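Let me begin by handing over the structure; questions about it come next.
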Amino acid sequence: MKAVYIKEFGSLDNLELRDVADPQDPAGNEVLVKVHAAGLNRADLMQVAGHYPPPAGYSANIPGMEFAGEIVKVGPTATGWHSGDRVFAITAGEAQAEFVRVDASLLIRIPGDLNFAEAAAVPEVFITAHDAITTQAALSEGESLLIHAVGSGVGLAALQIAKAKGVTVIGTSRTADKLDRCKEFGLDHGISTEKGIEFADRVKEVTNGNGANVILDLVGAAYLDENLKSLDLKGRMILVGLTAGREANLNMGLVLQKRAKLIGTVLRGRSVAEKAAASRALDTDVLPLIASGSVKPNLDRSFESTEVVSAYKYLASNESFGKVVLEF
């Protein structure tokens, strides 16, 4: 089969589409899926650079953590699934290939109106966003949410989920155009960080001096101090991304004073059972909204798999608004 392959870790120019061995037939609760589209993520950029290897059992040279396609073979105990079923899912690696073998507990049926490219834009970002703000941070109706990098894939997913819950959403971005485009998805207040990251005063201003109930931080260390200043009493900050660094000084006095909760999360390294639970939560809470059209996949652009280097470079450029997808 054809698969995206990292010839040497470092440069994106070291990516290619090459022939690799087909996956083995599915065993137990596994299924084999013919991949029609696979989403790209910043974690893939880190993997190409050699900084984010997949868990044991997955090739470090074949990236990909989400896909959409059709089941072609079903393992002996994978009940409820059949050849030809249209599905999408997250996986720990090797999704950017013509075929992928996964545990059936991770599968979600593609709503009827979505094509494969749109479906591939859903699993990683929507599961990450829903798990972070709903399951872990317990965001509820009437609260306020601050999203950093709101124009990213996870940011846009979180924005839509939050608006569906009746939440006031504040978003930051280094790009004013992305903030304007986020208004189409319901963004209430946009804050540009192009010239600096002093956003706490503005957050307080638009929340009547209280601060945000929940902060979804997709950026990292550089934002920590302003985040703590931006939190409301008993606020929850959930850390998902580290693009702006992984080490920062923590004002523990402010954490105590606000009785704040700081939550760290990662999806890729979780057990299959934990990922399955997060997938089921998305299926229950968000898929009906996608099926009705009230929440939409955030597909920015799709590339043919032969254009893999161009696709990765486009993602790395920060020009994308939402998801970048490879089609096989």
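Among Asp232, Asp285, Asp300, which is surrounded by 15 or more Cβ atoms within 10 Å (Cβ to Cβ), under 15 Å from the mean Cα position of the chain (by Cα) and of a type in the set (Asp, Glu)?
Details: Asp232 fails: under 15 Å from the mean Cα position of the chain (by Cα); Asp285 fails: under 15 Å from the mean Cα position of the chain (by Cα).
Result: Asp300 is the single residue among Asp232, Asp285, Asp300 that is surrounded by 15 or more Cβ atoms within 10 Å (Cβ to Cβ), under 15 Å from the mean Cα position of the chain (by Cα) and of a type in the set (Asp, Glu).
Could you tell me whether Glu307 is in the same structural domain as Gly322 (by TED's automatic domain parsing), in a helix (DSSP H, G or I) and at pLDDT 95 or above?
Details: in the same structural domain as Gly322 (by TED's automatic domain parsing): yes; in a helix (DSSP H, G or I): yes; at pLDDT 95 or above: yes.
Yes, satisfied.
Okay, moving on. What residue, of Glu141, Glu70, is outside the structural domain of Pro26 (by TED's automatic domain parsing), surrounded by fewer than 20 Cβ atoms within 10 Å (Cβ to Cβ) and without any contact (Cβ under 8 Å) to a residue 60 or more places away in the chain?
Only one candidate qualifies: Glu141.
Just one of (1) buried (at least 20 other Cβ atoms within 10 Å of the Cβ); (2) in contact (Cβ under 8 Å) with a residue 40 or more places away in the chain trips up Gly171, so point out which.
Unmet for Gly171, out of (1) buried (at least 20 other Cβ atoms within 10 Å of the Cβ); (2) in contact (Cβ under 8 Å) with a residue 40 or more places away in the chain: (2).
Hey, can you tell me all the residues within the stretch 120-165 that are in a helix (DSSP H, G or I), over 17 Å from the mean Cα position of the chain (by Cα) and small (Gly, Ala, Ser)? Write out each step before concluding.
So the first thing to find is which residues in the stretch 120-165 are in a helix (DSSP H, G or I), and the list is 120, 123-136, 153-164.
Then drop every residue that is not over 17 Å from the mean Cα position of the chain (by Cα), which leaves 163-164.
The answer is Ala164, and nothing else.
What do you reckon, is Ser292 under 27 Å from Gln96 (Cα atoms) and not basic (Lys, Arg)?
So Ser292 does not fit the description; no.
On to the next question. Any residue in the stretch 244-268 that is at negative phi sitting within a Cβ distance under 7 Å of a residue that is aromatic (Phe, Trp, Tyr)? List the pairs, counting only those 6 or more apart or interchain.
Ala244/Tyr223
Here's a check for you: in the stretch 84-97, which residue that is charged (D, E, K, R) and out of contact with any helix residue (DSSP H, G or I) (no Cβ under 8 Å at 6 or more places or on another chain) is surrounded by the most Cβ atoms within 10 Å (Cβ to Cβ)?
Glu94
If I go through the stretch 110-154 residue by residue, how many of them are of a type outside the set (S, T, N, Q) and out of contact with any helix residue (DSSP H, G or I) (no Cβ under 8 Å at 6 or more places or on another chain)?
10
Still on this model: Quick one: Ala43 ticks every box in (1) touching a helix residue (DSSP H, G or I) at 6+ places or on another chain (Cβ under 6 Å); (2) small (Gly, Ala, Ser); (3) surrounded by fewer than 21 Cβ atoms within 10 Å (Cβ to Cβ) except a single one, so which number is it?
Here Ala43 meets the rest and fails (1).
With a cut-off of at least 2 residues that are of a type in the set (D, E, K, R), name the strands (runs of 3 or more DSSP E) lying wholly within the stretch 1-47.
Result: 15-19, 30-40.
For the stretch 133-149, which residues satisfy the criterion of being under 16 Å from Arg174 (Cβ atoms) and modelled with pLDDT of 95 or more?
Leu146, Ile147, His148
A further question on this structure: Hey, could you check the stretch 272-294 for residues that are assigned to a helix (DSSP H, G or I) and β-branched (Val, Ile, Thr) and say which is farthest from Leu156 (Cα to Cα)?
Across the stretch 272-294, the extreme among qualifying residues is Val272.
Within the stretch 110-119, does at least one residue satisfy the condition of being in contact with a strand residue (DSSP E or B) (Cβ under 6 Å, 6 or more places away or on another chain), part of a strand (DSSP E or B), of a type in the set (Phe, Trp, Tyr) and touching a residue at least 24 places away in the same chain (Cβ under 8 Å)?
No: zero hits.
The values are calculated or read from the model by the stated rules, or taken from the named source; none is laboratory data. Being a predicted model, the structure only gives us computed values, none of them experimental. Note that we place each Cβ from the backbone using ideal geometry, even for glycine, and neighbour counts take in every protein chain shown.
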